[in-house]
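Asks: Before I ask anything, let me first share the structure, which is written out below as structure tokens.
The values are calculated or read from the model by the stated rules, or taken from the named source; none is laboratory data. In this text the structure is predicted, and so the values were computed from the model without any measurement. So basically every Cβ, Gly included, is an ideal-geometry build from the backbone, and we count neighbours across all protein chains shown. Please note that ligands, DNA and RNA were not included when accessible areas were found on the heavy atoms of the full protein model with its side chains. Shrake-Rupley method; radii C 1.70, N 1.55, O 1.52, S 1.80 Å.
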Amino acid sequence: MSTEYEAVIGLEIHVQLSTRTKMFCGCELSFGDDPNVHTCPICLAHPGVLPVPNEEAVFYALQIGAALDCELSPISSFDRKNYFYPDNPKAYQITQAARPFAVDGRLGDVRIHHAHLEEDAAKTIHTGGAGRIAGSDASLVDFNRGGTPLVEIVTEPDLKSGAQVREWGQLLRATIKQLGVSDVNMEEGSLRCDANISIRPAGSDELGTKTELKNMNSFRFIERGIEAEIARQKEIVAAGGEVVQETLHFDPASGELHSLRSKEEAHDYRYLPEPDLVPVVPTQELLDRARGSLPELPAARAQRYEEMGVSEQAALLLAFETEWAEFFEGVLDAGDAIEPRVAANWVTGEFAAELRKQDDQPLAESKVDPAGLATLIGLVAAKKISHGAGKTVLEAMVAEGSDPEAVVAEKGLEQISDTGELEKIVVQAIEDNPKPAEQVRSGNEKAIGALVGAVMKATQGRADGGEVNRLLRRHLGL
Amino acid sequence: MIEREQVLHVARLSRLRLSETEIDTLAGELSSILDHVDKLAEVDIEGVEPTSHVVPLENVLRPDEPRPSLDRDVALSQAPDPADGAFRVPSPQAES
Amino acid sequence: MSRSELLAADGAATAALIASGEASANEVLDFWLERAGSDALNGYLWRADRESARRGVAADGPLAGVPLAIKDIFCTEGVPTTAASRMLETYVPPYTATAVGRVAGAGMPMLGKTNMDEFAMGSSNENSAFGPSLNPWDHERVPGGSSGGSAAVVAGGLAPWALGTDTGGSIRQPAGFCGIVGLKPTYGSISRFGMIAFASSLDQCGPLTRSVTDAALLLDVLQGRDRMDSTSVGIEGGIARPSAERLDGLTFGVPRGLIGEGIEGGVLARFEETLLKIADLGGTIADIELPHAGHAISAYYVLAPAEASTNLSRYDGVRYGLRASDEDLLSMYEVTREEGFGPEVKRRIMLGTYALSSGYYDAYYGRAQRVRTRIVEDFDRAFGDVDFVVTPTSPTVAFRLGEKTEDPWAMYQSDLFTVPMSLAGIPAISIPAGLARPDGGGPELPVGFQIAAPAFAEQRLLDASFALEGAIGFDGTAALEGGVA
């Protein structure tokens, strides 16, 4: 009898805020500049300096808390987390341990334990020795990043698989992006996600020993890393062993997990209340402003679209990309009685594909406007042109910005809607193609394809496929 | 009484490479100080909130406006080992 | 102006001489630079010359031209700032402390940076990496600490006045030992930006001067909210020159429970005499209780080292200061800090780290913070009944060099009377009450009298001190030549 094991996953996500200046000093935030050009005595931790918190960072944090449906703490305060490392110039990080600014939230299926403000560490570049940290000659420290405001979001261990982590992670990223408080770019490091993973017998309440997975810069890699780690833990337990607490890194190229350091020598962070900073007590006005400033967030937007009839897949795609959602809604506004489902499919399907095909045009630069696309969709819906013809028109619209009706006229793409005329062509096609006609009459319905093809050829593709099928079947006695 | 092992542990946490003599001396001195300090246990602190700040301030924040950073030369001028515009430090020892 | 007239003039008098044209700013600066140059007390770690003394200093200002000595704990751009530690022996800050900026803005040239206990940890200035400072009254005795150098130079005629810092008594106690005035204002009244941190919730800048009026003048310049220090508020209304002559209608509380064992006979005698003078001026003496003040030293020697242990972690050899090893990362940290810090600093870092460490936080740091609350409450209650709380500044007069260095706790006990006010964050001043011989015999040495007031009551405190100072009539001129070689 073998036990079924389930995975229990919690996430710690670090979001770099896109304020102008650092969390505790007035140095500007930057990315990619020369090392150490954005430093000052405060973020270099010179003797005698003191921190003063960035009020915009506090506001951004409250917005994140509100977007995650958290309780915004009436009093929050700062603490010192002590540890020695060259990228930590004070040898303590100012964070919020005892009283974070937001607690008890939820996003989608996942509960948020809390969110807190803290400052980012500096960057250490290890030089020499083939890229390995240990054994290299020296490290260079660049303090530009040191002091960047971070919001750390900690979830409850509600996630169950790598795939779910990827999906939820993408929802979180889209949500925070929507707020405009962070670039949330995993490659650049403005969004970082660590996972705590453990397994337990299915249905059990207890938590197993957890390992930590760090330093992956895409949700796809995180998904794979988590799956690899779950498999590894299951193997250990199946062989009768015990999972050891440790920190791991997943190498996407090799698919292997490497141990970064053992958590046995766990840090004693010696937290204490930060004496240099006084508590933050958000006023009702500030809290109202934070909550009131929230735009329609992706989860809510996706739900609204689904309620309109948009497919789940298209709803998510649109909800995660504000630009596209706005375009989609523009189409709805412009067109008379366009079905949202149909519009969403055109926008996320044919239109998106055509932009990609034509040199990956960004939506913002496209010559097509929502009204134009609405017109095109209307033409197809009214069966004035076939779906296929519609794609041809779209190609011209994307390439030249042409008016859809003009293209239809120019290329002679009007669908034959006169049933009488079409019926004549159908009858002629059956006459001209006796063999397939006979096959259909004797039960091989698939052979109708040849007849459809013949009609299409005769009409130069301007017949409505559905109508052709209907007429053929009638005349073939089906 | 603070044991030698504890002294070593605290020294490690504090990043102090104490000499043997210092370890012994500190064990004695800290024990003696802690004997006095332990009398704090006599104070009734039932229901008493800790004082982290004597000044009752709240919401002291600054606007998100840039202030001039140091010239890099100045920032590095005090560095024990400046290199390539950065602060060079030895790497962690290879873990055995 | 004759040299003896210049020497005899305190800060206020010197300002008046310059303002009236009786002395020129150059004359005054040269005089004091020369005095500082003949420092026999090891009071200065760095001395200015004419040019560097004036760098960044306003030409005009209320106290223009009156030079000032500055404890080497304040960052001064372009001028070495060591906190009397090997760790910062080569450190030259790229910025200036707000407090220093304010005195410079008031027109005061900087005479030099004064000696102190390393990182402000000590009560005798014997913990300096650059040798102890000496008491001008008796060169074999300590000037007190941690602002020992500042006290010594003011008392010993090497500076008209000076800036110091007080965390548990580090302005008041040396002022008491050296026969001068030392004021620790309310926590938060003067910016801490640029003041090298020892214990963040306790540290305060303050003046060491020859008169209460001088202390008031400096406080007025120094105090104020600073946007670089989240914990600063300033003193509403500023500070006016004190002028009271009597103490009618004012009550002075004496915490008898605190004043018992360990106090030298001479100190006690001067204390009681001063109480009588208060009564002569119309003040009322009352017995009060500060039930938890007896635990103040214990609470302080948990809280202060704990905060210090984290404040001093930045001294790691990475970005400035000493780096004593390049072998590997751990060695860089451990050897640098082992060699850079003196024994008292290491002792306190160890104590503080222990008090914060896993498993011990609640019993030590957490508990000490709650005892602190009790002490705050004690003072709140007392000030419901009295206007001021008075004690001797220290249990003893200045002790001999080396006398208390064997037993840390014995040294810590010197702060018995000053620490409770630091924990409560309230203002307290030490004024000279007279002279006394130590219990074991010796020369006559200054005795300090401490007056404490409620938070932000500095004006009343200074007025009362001024009146009492007049009645006491202490003459410190004997020591003014004690500073020069």
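Asks: Between a first residue in segment C:54-69 that is open to solvent by less than 10 Å² (accessible area, probe 1.4 Å) and a second residue that is modelled with pLDDT of 95 or more and of a type in the set (Lys, Arg), which pairs have beta carbons less than 8 Å apart while being 6 or more apart in sequence or on different chains?
Replies: C:ALA69/C:LYS113
Asks: Check off (1) within 22 Å of C:GLY448 (Cβ to Cβ); (2) modelled with pLDDT under 95; (3) crowded, with 20+ Cβ neighbours inside 10 Å for C:VAL397 and give me the number that stays unchecked.
Replies: Answer for C:VAL397: the failing condition is (2).
Asks: Of a type in the set (A, V, I, L, M) and closer than 18 Å to C:PHE474 by Cα: is that true of C:ALA244 in this structure? Steps first, please.
Replies: On the way: of a type in the set (A, V, I, L, M): yes; closer than 18 Å to C:PHE474 by Cα: yes.
Taking the combined requirement at face value, the residue satisfies it.
Asks: Could you go through segment C:315-322 and let me know if any residue there is farther than 20 Å from C:ALA129 by Cβ, open to solvent by less than 10 Å² (accessible area, probe 1.4 Å) and under 22 Å from the mean Cα position of the chain (by Cα).
Replies: no
Asks: Can you confirm whether segment C:461-469 contains a residue that is part of a helix (DSSP H, G or I), in contact with a helix residue (DSSP H, G or I) (Cβ under 8 Å, 6 or more places away or on another chain), open to solvent by 10 Å² or more (accessible area, probe 1.4 Å) and closer than 14 Å to C:GLY182 by Cβ?
Replies: So in segment C:461-469, the residues part of a helix (DSSP H, G or I) come out as C:461-469.
The next check asks that each one be in contact with a helix residue (DSSP H, G or I) (Cβ under 8 Å, 6 or more places away or on another chain); those that pass are C:462, C:465-466, C:468-469.
Now narrow it down to the ones that are open to solvent by 10 Å² or more (accessible area, probe 1.4 Å): C:466, C:469.
Add one more test, that the residue is closer than 14 Å to C:GLY182 by Cβ, and what stays is C:469.
The answer is yes; a qualifying residue exists.
Asks: Here is a follow-up. Is segment C:84-92 home to any residue that is within 17 Å of the chain's Cα centre (by Cα), buried (at least 24 other Cβ atoms within 10 Å of the Cβ) and at pLDDT 95 or above?
Replies: Narrowing segment C:84-92 to residues within 17 Å of the chain's Cα centre (by Cα): C:84.
So of that shortlist, the ones also buried (at least 24 other Cβ atoms within 10 Å of the Cβ) come out as C:84.
Next cut, at pLDDT 95 or above only: C:84.
Yes, there is a match, as at least one residue in segment C:84-92 is within 17 Å of the chain's Cα centre (by Cα), buried (at least 24 other Cβ atoms within 10 Å of the Cβ) and at pLDDT 95 or above.
Asks: Still on this model: Condition check: under 23 Å from C:PHE466 (Cα atoms), in contact with a Lys or Arg (Cβ under 8 Å, 6 or more places away or on another chain) and assigned to a strand (DSSP E or B). Does C:SER430 satisfy that?
Replies: On the way: under 23 Å from C:PHE466 (Cα atoms): yes; in contact with a Lys or Arg (Cβ under 8 Å, 6 or more places away or on another chain): yes; assigned to a strand (DSSP E or B): yes.
So C:SER430 fits the description; yes.
Asks: When the residues of segment C:357-377 are filtered to those that are small (Gly, Ala, Ser) and more than 9 Å from chain B (Cβ to nearest Cβ), which remaining residue is surrounded by the fewest Cβ atoms within 10 Å (Cβ to Cβ)? Walk me through it before giving the result.
Replies: As a first pass, look at segment C:357-377 and keep what is small (Gly, Ala, Ser): C:357-359, C:363, C:366, C:368.
Still in the running and more than 9 Å from chain B (Cβ to nearest Cβ): C:358-359.
Numbers: C:SER358: 12, C:GLY359: 7.
Across segment C:357-377, the extreme among qualifying residues is C:GLY359.
Asks: Take segment A:27-48 and flag every residue that is aliphatic (A, V, I, L, M) and at the interface with another protein chain (Cβ under 7 Å from one of its Cβ atoms).
Replies: In the first step, residues of segment A:27-48 are kept if they are aliphatic (A, V, I, L, M); the result is A:29, A:37, A:42, A:44-45.
Passing the criteria: A:VAL37, A:LEU44, A:ALA45.
Asks: For the subset of segment B:55-91 comprising residues that are open to solvent by 40 Å² or more (accessible area, probe 1.4 Å) and in contact with a helix residue (DSSP H, G or I) (Cβ under 7 Å, 6 or more places away or on another chain), which member is farthest from the other protein chains (Cβ to nearest Cβ)?
Replies: Among them, the one singled out is B:PRO82.
Asks: Exactly one condition in (1) under 15 Å from A:ALA67 (Cβ atoms); (2) part of a strand (DSSP E or B) is not met by A:VAL154; state its number.
Replies: (1)
Asks: Which residue, of A:LEU472, A:LEU476, is in contact (Cβ under 8 Å) with a residue 40 or more places away in the chain, over 27 Å from A:ALA382 (Cβ atoms) and not polar (S, T, N, Q)?
Replies: Working: A:LEU472 fails: over 27 Å from A:ALA382 (Cβ atoms).
Testing whether each residue is in contact (Cβ under 8 Å) with a residue 40 or more places away in the chain, over 27 Å from A:ALA382 (Cβ atoms) and not polar (S, T, N, Q) leaves just A:LEU476.
Asks: Given the conditions (1) more than 14 Å from chain C (Cβ to nearest Cβ); (2) open to solvent by 70 Å² or more (accessible area, probe 1.4 Å), report the number of the one that A:HIS267 does not fulfil.
Replies: The single condition A:HIS267 does not satisfy is (1).
Asks: If we scan segment C:253-267, do we find a residue that is in a strand (DSSP E or B), without any contact (Cβ under 8 Å) to a residue 40 or more places away in the chain and open to solvent by 50 Å² or more (accessible area, probe 1.4 Å)? Let's see the steps before the verdict.
Replies: Taking segment C:253-267 first, the residues in a strand (DSSP E or B) are C:253-255.
Subsequent filtering for residues that are without any contact (Cβ under 8 Å) to a residue 40 or more places away in the chain retains none.
Within segment C:253-267, none of the residues are in a strand (DSSP E or B), without any contact (Cβ under 8 Å) to a residue 40 or more places away in the chain and open to solvent by 50 Å² or more (accessible area, probe 1.4 Å).
Asks: Which of the residues that make up segment C:21-48 are part of a loop (DSSP other than H, G, I, E, B) and more than 20 Å from C:ALA152 (Cα to Cα)?
Replies: Going through segment C:21-48, the residues part of a loop (DSSP other than H, G, I, E, B) turn out to be C:21-24, C:38, C:40-43, C:48.
Once the filter is applied, which keeps residues that are part of a loop (DSSP other than H, G, I, E, B) and more than 20 Å from C:ALA152 (Cα to Cα), segment C:21-48 yields C:GLY21, C:GLU22, C:ALA23, C:SER24.
Asks: Anything in segment A:356-378 that is in contact with a Leu (Cβ under 9 Å, 6 or more places away or on another chain) and either farther than 22 Å from A:THR322 by Cα or not assigned by TED's automatic domain parsing to the domain that holds A:GLU329 (or both)? List them, or say none.
Replies: Step one: filter segment A:356-378 for residues in contact with a Leu (Cβ under 9 Å, 6 or more places away or on another chain), giving A:361-363, A:366, A:368, A:370, A:373-374, A:376.
A:LEU376 - this is the single residue of segment A:356-378 that is in contact with a Leu (Cβ under 9 Å, 6 or more places away or on another chain) and either farther than 22 Å from A:THR322 by Cα or not assigned by TED's automatic domain parsing to the domain that holds A:GLU329 (or both).
Yes or no, residue by residue, for (1) hydroxyl-bearing (Ser, Thr, Tyr); (2) in contact with a strand residue (DSSP E or B) (Cβ under 7 Å, 6 or more places away or on another chain):
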| site | (1), (2) |
| --- | --- |
| A:SER190 | yes, yes |
| A:GLU206 | no, yes |
| A:GLU212 | no, yes |
| A:MET216 | no, yes |
| A:GLU223 | no, no |
| A:ALA231 | no, no |
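Asks: Kindly indicate whether any position in segment C:108-123 is open to solvent by 10 Å² or more (accessible area, probe 1.4 Å) and either within 22 Å of C:ASP226 (Cα to Cα) or of a type in the set (D, E, K, R) (or both).
Replies: Yes, some residue in segment C:108-123 is open to solvent by 10 Å² or more (accessible area, probe 1.4 Å) and either within 22 Å of C:ASP226 (Cα to Cα) or of a type in the set (D, E, K, R) (or both).
Asks: Considering only segment A:38-58, I want to know if a residue exists there that is farther than 23 Å from C:THR310 by Cβ and touching a helix residue (DSSP H, G or I) at 6+ places or on another chain (Cβ under 7 Å). Give the derivation first.
Replies: Start the filter on segment A:38-58 by keeping residues that are farther than 23 Å from C:THR310 by Cβ, which leaves A:38, A:55-56, A:58.
Checking the rest, the ones that are also touching a helix residue (DSSP H, G or I) at 6+ places or on another chain (Cβ under 7 Å) come to none.
Checked against the condition, which is being farther than 23 Å from C:THR310 by Cβ and touching a helix residue (DSSP H, G or I) at 6+ places or on another chain (Cβ under 7 Å), segment A:38-58 yields no hits at all.
Asks: Looking at (1) within 25 Å of A:GLU274 (Cα to Cα); (2) within 9 Å of another protein chain (Cβ to nearest Cβ); (3) out of contact with any His (no Cβ under 8 Å at 6 or more places or on another chain); (4) part of a helix (DSSP H, G or I), which one does C:GLY317 not meet, given that it meets all the others?
Replies: (4)
Asks: Looking at segment A:157-179, is at least one residue part of a strand (DSSP E or B) and either crowded, with 19+ Cβ neighbours inside 10 Å or charged (D, E, K, R) (or both)? So that I can check it myself, show each step before the final result.
Replies: Of segment A:157-179, the ones part of a strand (DSSP E or B) are A:159.
Those left that are additionally either crowded, with 19+ Cβ neighbours inside 10 Å or charged (D, E, K, R) (or both): A:159.
Yes, segment A:157-179 has at least one match.
Asks: Starting from segment C:331-356, keep only residues that are more than 8 Å from chain B (Cβ to nearest Cβ) and in contact (Cβ under 8 Å) with a residue 60 or more places away in the chain, then list their pairs with residues that are in a helix (DSSP H, G or I) and open to solvent by less than 10 Å² (accessible area, probe 1.4 Å) whose Cβ atoms are within a distance under 6 Å, requiring at least 6 positions of separation or different chains.
Replies: C:GLY340/C:MET87; C:GLY342/C:GLU118; C:VAL345/C:GLU118; C:VAL345/C:PHE119; C:ARG348/C:PRO305; C:ARG348/C:ALA308
Asks: A follow-up question, please. Tell me, please, whether a residue that is among the basic types (Lys, Arg) and more than 30 Å from C:ASP203 (Cβ to Cβ) can be found in segment A:351-363. Break it down into steps so the answer makes sense when it comes.
Replies: Of the residues in segment A:351-363, the ones among the basic types (Lys, Arg) are A:356-357.
Of the ones still in play, those that are also more than 30 Å from C:ASP203 (Cβ to Cβ) are A:356-357.
Yes: one or more hits.
Asks: Another question about this same structure. Pull up segment B:14-33, narrow it to residues that are surrounded by fewer than 19 Cβ atoms within 10 Å (Cβ to Cβ) and touching a residue at least 12 places away in the same chain (Cβ under 8 Å), then point me to the one that is nearest to C:GLY366 (Cα to Cα).
Replies: B:SER31
Asks: Return only the number of the condition from (1) of a type in the set (S, T, N, Q); (2) open to solvent by less than 30 Å² (accessible area, probe 1.4 Å); (3) over 30 Å from C:VAL345 (Cα atoms) that C:ASN26 does not satisfy.
Replies: Failed condition: (2).
Asks: Answer yes or no: is there a residue in segment C:180-188 that is of a type in the set (A, V, I, L, M, F, W, C), away from chain A (no Cβ under 14 Å) and farther than 22 Å from C:ALA106 by Cα.
Replies: To start, the set of residues in segment C:180-188 that are of a type in the set (A, V, I, L, M, F, W, C) comprises C:180-181, C:183.
Restricting the remaining residues to those that are away from chain A (no Cβ under 14 Å) gives C:180-181, C:183.
Adding the requirement that they be farther than 22 Å from C:ALA106 by Cα leaves C:180.
Within segment C:180-188 (the criterion being of a type in the set (A, V, I, L, M, F, W, C), away from chain A (no Cβ under 14 Å) and farther than 22 Å from C:ALA106 by Cα), the answer is yes, since at least one residue qualifies.
Asks: Hey, can you tell me all the residues within segment A:290-314 that are assigned to a helix (DSSP H, G or I), over 19 Å from the mean Cα position of the chain (by Cα) and touching a residue at least 12 places away in the same chain (Cβ under 8 Å)? Quick ask: steps written out before the conclusion?
Replies: First, the residues of segment A:290-314 that are assigned to a helix (DSSP H, G or I): A:290-292, A:298-308, A:312-314.
Right, trim to over 19 Å from the mean Cα position of the chain (by Cα) and you get A:290-292, A:307-308.
Matches in segment A:290-314: A:ALA290, A:ARG291, A:MET308.
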